[in-house]
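Every read-out reported here was derived from the displayed coordinates using simple, explicitly stated rules and does not represent laboratory data. Here the structure is a predicted model, which is why all the values come from computation and not from measurement. Using ideal geometry, Cβ is built from the backbone for each residue, glycine included, and neighbour counts are taken over all protein chains shown.
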Amino acid sequence: MYRLSAKQAFPISRKTAWDFLSNPANLSKITPSEMGFEILSGDDRPMFPGQIIQYKVRPFPGFTTRWVTEITHVKDEAYFVDEQRFGPYSLWHHKHFINKVEGGIEMEDIIDYKLPLGFLGRLAQPLVVKKQLVSIFRYREEQLTSRFGSLPGIEKQFKIEYI
């Protein structure tokens with residue numbers, strides 16, 4: 001299993017952050033276009049536990065797949081959790097936290113994931129998957145900073161580790 005963790009801070013309120021981050025329709029705004037990301041269903045109402053969201057995604061050129069996630073936990077303006085029910089990973093458990101800090105909020109993502117295909121999946125992690133996730137989250141960081149600005153004095157963090 002692997003863990004991706006990322007933190008960045010913005011000079012905005014928890015409500016502003018929550019309104020943007022908890023709206024599934026906004027995910028396409030912070031996902032690189034080369035991912036071919038498209039929400040197929042489930043983004044038609046505010047986030048709630050049990051919500052099923054279906055996407056189409058192109059993890060690499062020439063391969064498009066469906067990805068189905070369930071929102072399993074929600075605490076307004078604080079956190080939500082999405083878990084893959086069907087898709088490219090053996091396990092995908094993504095926690096999104098919005099923490100209040102001086103001058104704004106800190107957004108924290110913690111993703112625990114496992115790749116399919118045993119040895120081949122472990123081989124693909126450093127060659128393909130890790131690079132792609134880094135690229136996606138760097139893009140997300142750029143898009144959110146462009147939209148909300150950055151909060152000086154709070155260091156951005158990003159890492160992927162084997163757990």
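For segment 2-162, the relative contact order works out to 32 percent when only alpha carbon pairs closer than 8 Å and six or more residues apart are counted. By the count of neighbouring beta-carbon atoms within 10 Å, fewest first, SER22, SER150 end up ordered SER150, SER22. Rounded to the nearest 20, the Cβ-based charge dipole of segment 2-162 about its Cα centre (Lys and Arg +1, Asp and Glu -1) stands at 400 debye.
Using the Cβ-Cβ distance between LEU40 and LYS114 with R0 = 35 Å, the FRET efficiency computed as 1/(1 + (r/R0)^6) comes to roughly 0.90. What's log10 of I(q)/I(0) for segment 2-162 at q = 0.08, 0.12, 0.13, 0.15 Å⁻¹, Debye sum over Cα points only, no solvent? Rounded to two decimals, the profile gives -0.23, -0.52, -0.62, -0.84. Near the amide H of ILE105, within less than 5 Å, lie the amide hydrogens of PHE10, ILE12, all on another chain or at least 5 residues away, with H placed in the peptide plane.
Computed over neighbours whose Cβ is under 14 Å from that of THR72, the net charge equals -1, Lys and Arg +1, Asp and Glu -1. Taking other C-beta atoms within 10 Å as the exposure proxy, ASP76, ASP112, ASP82 rank ASP76, ASP112, ASP82 from fewest upward. Computed on segment 69-163, with alpha-carbon pairs under 8 angstrom and 6+ residues apart, the relative contact order is 16 percent.
Applied to segment 24-30, the Karplus parametrisation 6.51 cos²θ - 1.76 cosθ + 1.60 on θ = phi - 60° returns per-residue 3J(HN,Hα) values of x, 5, 7, 4, 5, 6, 10 Hz, with x for Gly and Pro. Rounded to the nearest 500, the helix-only mean residue ellipticity at 222 nm of the chain stands at -6000 deg cm²/dmol, with each DSSP H run of n ≥ 4 adding -39,500 (n - 2.57).
Tell me the net charge near GLY153. Cut-off is 14 Å between Cβ atoms, GLY153 excluded, with +1 for each Lys or Arg and -1 for each Asp or Glu. So the surrounding residues net to -1. What the Cβ-Cβ distance of LYS29 and ALA124 gives, at R0 = 41 Å and to the nearest 0.05, is a FRET efficiency of 0.90. Backbone phi angles across segment 9-15, fed through the Karplus curve with coefficients 6.51, -1.76 and 1.60 (θ = phi - 60°), yield HN-Hα couplings of 10, 9, x, 9, 7, 4, 4 Hz in residue order; Gly and Pro are listed as x. The GluC sites (Glu not before Pro) of segment 65-163 that DSSP puts in a loop, and whose beta carbon has at most 10 other beta carbons within 10 Å, are GLU102, GLU155.
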